[in-house]
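The structure appears below as structure tokens.
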Amino acid sequence: QVQLVESGGGLVQPGGSLRLSCATSGRDFSICAMGWYRQAPGKQRELVAAITRGGSTNYADSIKGRFTISRVNAKNTVYLQMSSLKPEDTAVYYCNARCINTYWGQGTQVTVSS
């Protein structure tokens with residue numbers, strides 16, 4: 001079993017930055033592909049960014065150039081650095097691990113508002 005715990009969400013003004021963290025436990029994190037998803041009220045959950053075991057990344061078009069996903073296997077942690085935040089980035093952000101099975105964190109709220 002894998003546990004994922006997100007942190008780092010909060011309220012930020014437009015143009016601001018936040019860094020989300022996802023700490024994992026329960027198995028060998030390094031074999032898992034990791035991702036960040038988000039879900040805004042009334043909308044479907046969508047992929048924001050993903051990173052493979054080898055460190056290759058891909059991003060949703062809406063956040064390219066503003067967000068960066070990274071991982072530190074030694075810390076069993078994946079990060080999402082978010083910059084130039086916009087009100088439309090407001091959502092609950094979820095960490096996802098794709099190992100042999102797929103696991104989700106509980107989510108962390110990000111609110112971008114003045």
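The values are calculated or read from the model by the stated rules, or taken from the named source; none is laboratory data. Please read these numbers as outputs of a predicted model, since none were measured by experiment. Here the Cβ is made from the backbone with ideal geometry for all residues, glycine too, and neighbour counts use every protein chain on show. These accessible areas exclude ligands, DNA and RNA; they are computed on the full protein's heavy atoms, side chains included. Shrake-Rupley method; radii C 1.70, N 1.55, O 1.52, S 1.80 Å.
A few remarks follow.
- Residue in the range 54-69 that is hydroxyl-bearing (Ser, Thr, Tyr) and under 20 Å from Val5 (Cβ atoms) present: no
- Restricted to the range 3-50, and to residues there that are basic (Lys, Arg) and under 20 Å from Ala74 (Cβ atoms), the residue that is surrounded by the fewest Cβ atoms within 10 Å (Cβ to Cβ) is Arg19.
- Within the range 89-109, being within 13 Å of Val48 (Cα to Cα) and in contact with a helix residue (DSSP H, G or I) (Cβ under 9 Å, 6 or more places away or on another chain) holds for one residue alone: Asp89.
- Evaluating Val110 against the criteria (1) open to solvent by 50 Å² or more (accessible area, probe 1.4 Å); (2) touching a strand residue (DSSP E or B) at 6+ places or on another chain (Cβ under 7 Å) leaves one unmet condition, (1).
- Matching residues, the range 93-107, being among the hydroxyl-bearing types (Ser, Thr, Tyr), open to solvent by 20 Å² or more (accessible area, probe 1.4 Å) and either in contact (Cβ under 8 Å) with a residue 24 or more places away in the chain or on the phi > 0 side of the Ramachandran plot (or both): Tyr94, Tyr103
- Residue match in the range 52-60 (condition: out of contact with any Phe, Trp or Tyr (no Cβ under 6 Å at 6 or more places or on another chain), of a type outside the set (Phe, Trp, Tyr) and either in a strand (DSSP E or B) or touching a residue at least 60 places away in the same chain (Cβ under 8 Å) (or both)): yes
- Candidates Val78, Val12, Val72: the one that is β-branched (Val, Ile, Thr) and within 10 Å of the chain's Cα centre (by Cα) is Val78.
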